[in-house]
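Novice: Attaching a single structure in structure tokens format; questions to follow.
The values are calculated or read from the model by the stated rules, or taken from the named source; none is laboratory data. Here the structure is a predicted model, which means the values were calculated and not measured. Reconstructed Cβ throughout: ideal geometry from the backbone, glycine too, with neighbour counts over all protein chains shown.
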Amino acid sequence: MITYAFVLKLLLSSGSSAQGKSSVRIAWRTPLGMAYRLRWPASVIQNRVAAVTNESVVAVDQHSGKKSWETRFGGKVYGPASGPGAFFVCFDGKWSSYNKLAESPSVCSLNPSDGKLIWKTELNGYPTGEPAFGDSGLVCVGASLWKPGPTDQPGFYNDAGQLIGIDAKTGSLRWRVIGGLFGVPRVIPGRIVVCESTDKPNSSYVTCVRTRDGRVLWRKQSDGFSPGHEGEGIPMPVVSSTGLVFVGTSKSVFAFDASGKQLWQHAEVALPVVVSSSLYVATRTGLEALDPYSGREHWSKSYHDYGIYPFVLGPRGNLYCSSPGPHLGDQAVAALDSSNGDLKWRLRVGGSQPIYSAQVVGDNGLVFVVTDDRDLIAIQTEK
């Protein structure tokens, strides 16, 4: 899931919305109701697809799109992330009419079958984004840190932040790491990787902690990135199943191995989006596939006229992405060939704003997309 807008001018094609495979179609569309600009992808577990709105989590049947349940929070919600037997979300807190905090920001576990609350753990600060489920039965989240003092009050924070590990079954706190403002964490085997920023010059870091106890294993300085409100602007690392870590900053793309050793640096403003046998990075002018271990270019594709937003790697070597067109109502989802970047198909899904949330791949070739027009859409691709 992305906490900042990274607008890229790319061309996918000059054709119409019917371009590509005729079997690709919208299987169902379910309105989510009132929503902020949605940057959080849907999540799938136990045949349920869940997505967040302004103040609630909505779950639908992944095959029919029929609404299963909705759990309301009364404040902004981030997520969801899925783990064994639960959806996990972060809640921004609830304010009373007297501008007092009536309900503290928290991490919550929800039952996927009915949306009922399993547990709730207060954060003592605002979450910077969605939680992540790691190994060792852990839920991890980055948050600001409220520091008591004569001028501090809930709702205001400085550059202090915390990375929190919570037991996924009970909601009990396992560990807490205090530092700068942490972004959205990512999981590699036995470890949590997160980007960290402070308001001091040259103080942006990639930080890796051990999952079981929160011990900081390594912390590497990187090019600067400046967080905005609620941590927006802190990049999210891209991680591989082998423990490689990739981070795009304001100047470069960095690659680290699981021990924190820097493998290479790609001196270009680019956004790593997904990794498999190649690392796919979106640049200001196109899309590149790089060797994850050396940074050597496999291929590069230049595009124009359309924009590209978050990718997900699906079956049959497809890279799924959102593809806003030049006109209102021309928002689309596209599939690219991961071996060369060629367009396979592009399907218009409607909507007046670009789709900022990443796509999610479900069963039987379904791809789920949350649009900025407050719809959850299932696209039937090749089975």
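Novice: Search region 63-88 for residues that are farther than 22 Å from Ala378 by Cβ and pair each with any residue that is polar (S, T, N, Q) and crowded, with 19+ Cβ neighbours inside 10 Å when their beta-carbon atoms are under 6 Å apart and the residues are at least 6 apart or on different chains.
Specialist: Between residues of region 63-88 that are farther than 22 Å from Ala378 by Cβ and residues that are polar (S, T, N, Q) and crowded, with 19+ Cβ neighbours inside 10 Å, the close pairs are Arg72/Ser56; Ala86/Ser109; Phe88/Ser109.
Novice: Within region 90-116, which residues are within 23 Å of the chain's Cα centre (by Cα) and either of a type outside the set (Gly, Ala, Ser) or at pLDDT 90 or above (or both)?
Specialist: Answer for region 90-116, where residues must be within 23 Å of the chain's Cα centre (by Cα) and either of a type outside the set (Gly, Ala, Ser) or at pLDDT 90 or above (or both): Cys90, Phe91, Asp92, Pro105, Ser106, Val107, Cys108, Ser109, Leu110, Asn111, Pro112, Gly115.
Novice: Here's something else I'd like to know. Name the residue that is surrounded by the fewest Cβ atoms within 10 Å (Cβ to Cβ), counting only residues in region 139-176 that are at pLDDT 95 or above, of a type in the set (A, V, I, L, M, F, W, C) and closer than 23 Å to Trp218 by Cβ.
Specialist: Ranking the qualifying residues of region 139-176, first place goes to Trp175.
Novice: Any idea which of (1) assigned to a strand (DSSP E or B); (2) surrounded by fewer than 21 Cβ atoms within 10 Å (Cβ to Cβ); (3) without any contact (Cβ under 8 Å) to a residue 40 or more places away in the chain is the one Asn124 doesn't satisfy?
Specialist: (1)
Novice: Search region 55-73 for residues being part of a loop (DSSP other than H, G, I, E, B) and farther than 14 Å from Ser109 by Cα, and hand back the single one that is nearest to the chain's Cα centre (by Cα).
Specialist: That would be Glu55.
Novice: Moving on. Test each condition in (1) surrounded by fewer than 16 Cβ atoms within 10 Å (Cβ to Cβ); (2) modelled with pLDDT of 85 or more; (3) out of contact with any strand residue (DSSP E or B) (no Cβ under 6 Å at 6 or more places or on another chain) for Lys76 and report the one that comes out false.
Specialist: Here Lys76 meets the rest and fails (1).
Novice: Ok, one more. Considering Ala282, Ala289, Ala258, which residue is part of a strand (DSSP E or B), surrounded by 14 or more Cβ atoms within 10 Å (Cβ to Cβ), more than 20 Å from the chain's Cα centre (by Cα) and in contact (Cβ under 8 Å) with a residue 40 or more places away in the chain?
Specialist: Exactly one residue qualifies, and that residue is Ala289.
Novice: Follow-up question, since we're still on this one. I need the full set of residues from region 272-330 which are of a type in the set (Phe, Trp, Tyr), modelled with pLDDT of 85 or more and touching a Lys or Arg at 6+ places or on another chain (Cβ under 9 Å), in order please.
Specialist: Residues satisfying the conditions do not exist here.
Novice: Residues of region 199-228 being modelled with pLDDT of 90 or more and either over 27 Å from Ile166 (Cβ atoms) or among the small types (Gly, Ala, Ser) (or both), which ones?
Specialist: Once the filter is applied, which keeps residues that are modelled with pLDDT of 90 or more and either over 27 Å from Ile166 (Cβ atoms) or among the small types (Gly, Ala, Ser) (or both), region 199-228 yields only Gly214.
Novice: Quick test of your reading of the structure: Ser136 fulfils all but one of (1) outside any strand (DSSP E or B); (2) among the small types (Gly, Ala, Ser); (3) at pLDDT 90 or above. Name the failing condition by number.
Specialist: (3)
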